[in-house]
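Some notes on the structure that comes next.
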Amino acid sequence: MNQLVTSIMANSIVLRANRLHESFEWFRKYDAEYAETLREYNAAYRAFLSMVESLRGGQGISGRASRSGAYPNNYLFNDVLLYSGLAQYVNVDGKRARSGIANLARIIDNHVMAVSDAKLKEYEESFAELDRQQKAARSFYDKAVDAVSKLPGADALGTIGVDDSQILDNVDRLAAQAIAEIVVLRDPELTPLRTNKNVAPDAFKVDPSYSSTGGPAYARKVRRSVEELRAIWNGMVGRLDQQHRGDPGWHRMHAD
């Protein structure tokens, strides 16, 4: 029996369960908070897109004076970054994400990779194998205890195999906890960050692809969404700059 228990406990299952639990606890603690930060980024991104459409239609931005009194839709790129709220997430040159959201994205990525779909499948398979081992160990244990209990003088031995029984019980509890945590981590409503469930649909739609590990690569998504801002802006203002080229008071809007 001791050899079988040693074989089970020598398995990496305990380490796997501990790593899984650490990830589970991180998502339980930070998922809602960090997802909300990305939703706030998305709200600013959506506001930027809305302002761009307003300027495209010849309208100004409510409560914000244009660069030219003669043209209500004459704003500069950095103006709209500021008015939309994106300036707190994007550097003044409009080409890179600020360190705060960039670092946050990298932190999230590290934790998402630890419990990617592929990793969770590995965990699930490990605990399925553990369950098989546990059933075999239980059967062996029950037969051994029954056989010893029938030996002459067995009553004098006291409780037989109590330590082995406790080890098996502990492993069962460990496995049950791990399986329950896998269920939670797979639920996009409970851990939206892991699956990018409606976290930033406007900002991140420019890069819907997932990483090779099966999880959303937030650092890449943030970087791509910031890069897209200038393309969106310049795609809109090119016609306006051309239309008003040489007009007195018109401020060139193209973001170089």
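The values are calculated or read from the model by the stated rules, or taken from the named source; none is laboratory data. Quick caveat: nothing in here was measured; it's all calculated off a predicted structure. Quick reminder, even Gly has a Cβ in these numbers, built from the backbone with ideal geometry, and neighbours come from all protein chains shown. Heavy atoms of the whole protein, side chains included, go into the accessibility calculation; ligands, DNA and RNA do not. Shrake-Rupley method; radii C 1.70, N 1.55, O 1.52, S 1.80 Å.
Quick one: would you say Ala255 is at pLDDT 85 or above and farther than 30 Å from Glu25 by Cβ?
For Ala255, the condition - at pLDDT 85 or above and farther than 30 Å from Glu25 by Cβ - is met.
Output the residues belonging to segment 94-113 that are closer than 30 Å to Gly246 by Cα and open to solvent by less than 20 Å² (accessible area, probe 1.4 Å).
Residue satisfying the conditions is Gly94 alone.
Condition test on Asp131, is it open to solvent by less than 60 Å² (accessible area, probe 1.4 Å), acidic (Asp, Glu) and at pLDDT below 85?
no
Would you tally the residues in segment 172-202 being among the charged types (D, E, K, R), in a helix (DSSP H, G or I) and open to solvent by 50 Å² or more (accessible area, probe 1.4 Å)?
Of the residues in that region, 2 qualify.
If you take the residues in segment 31-40 that are closer than 16 Å to Gly100 by Cβ and free of Cβ contacts under 8 Å to residues at least 60 places away in the same chain, which one is surrounded by the most Cβ atoms within 10 Å (Cβ to Cβ)?
Out of the qualifying residues, it is Glu40.
When residues of segment 94-114 are filtered for being at pLDDT below 95, of a type outside the set (Lys, Arg) and not in a helix (DSSP H, G or I), how many remain?
1
Scanning for something of a type in the set (Phe, Trp, Tyr) and at pLDDT 85 or above, does segment 205-217 turn up at least one residue?
Within segment 205-217, none of the residues are of a type in the set (Phe, Trp, Tyr) and at pLDDT 85 or above.
Which one is farthest from the chain's Cα centre (by Cα), of the residues in segment 79-124 that are within 21 Å of Met51 (Cβ to Cβ) and among the aromatic types (Phe, Trp, Tyr)?
Tyr83
Rundown of residues vs (1) open to solvent by 40 Å² or more (accessible area, probe 1.4 Å); (2) part of a loop (DSSP other than H, G, I, E, B); (3) farther than 26 Å from His254 by Cα; (4) in contact (Cβ under 8 Å) with a residue 12 or more places away in the chain, yes/no style:
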{"residue": "Met51", "(1), (2), (3), (4)": "no, no, no, yes"}
{"residue": "Lys121", "(1), (2), (3), (4)": "yes, no, yes, no"}
{"residue": "Glu125", "(1), (2), (3), (4)": "yes, no, yes, no"}
{"residue": "Ala137", "(1), (2), (3), (4)": "no, no, yes, yes"}
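Just to be sure I understand, how many residues within segment 63-93 are part of a strand (DSSP E or B) and touching a His at 6+ places or on another chain (Cβ under 8 Å)?
Qualifying residue count, segment 63-93: 2.
Identify all residues within segment 81-107 that are in contact (Cβ under 8 Å) with a residue 24 or more places away in the chain and either in contact with a Lys or Arg (Cβ under 9 Å, 6 or more places away or on another chain) or on the phi > 0 side of the Ramachandran plot (or both); write none if there are none.
Passing the criteria: Tyr83, Ser84, Gly85, Gln88, Tyr89, Val90, Gly94, Lys95, Arg96, Ala97, Ala102, Ala105.
Residue-wise test of (1) open to solvent by 40 Å² or more (accessible area, probe 1.4 Å); (2) modelled with pLDDT under 95.
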site: Asn42; (1), (2): no, no
site: Arg46; (1), (2): yes, no
site: Leu55; (1), (2): no, no
site: Gly69; (1), (2): yes, yes
site: Asn74; (1), (2): no, no
site: Phe77; (1), (2): no, no
site: Leu81; (1), (2): no, no
site: Ala87; (1), (2): no, no
site: Val92; (1), (2): yes, yes
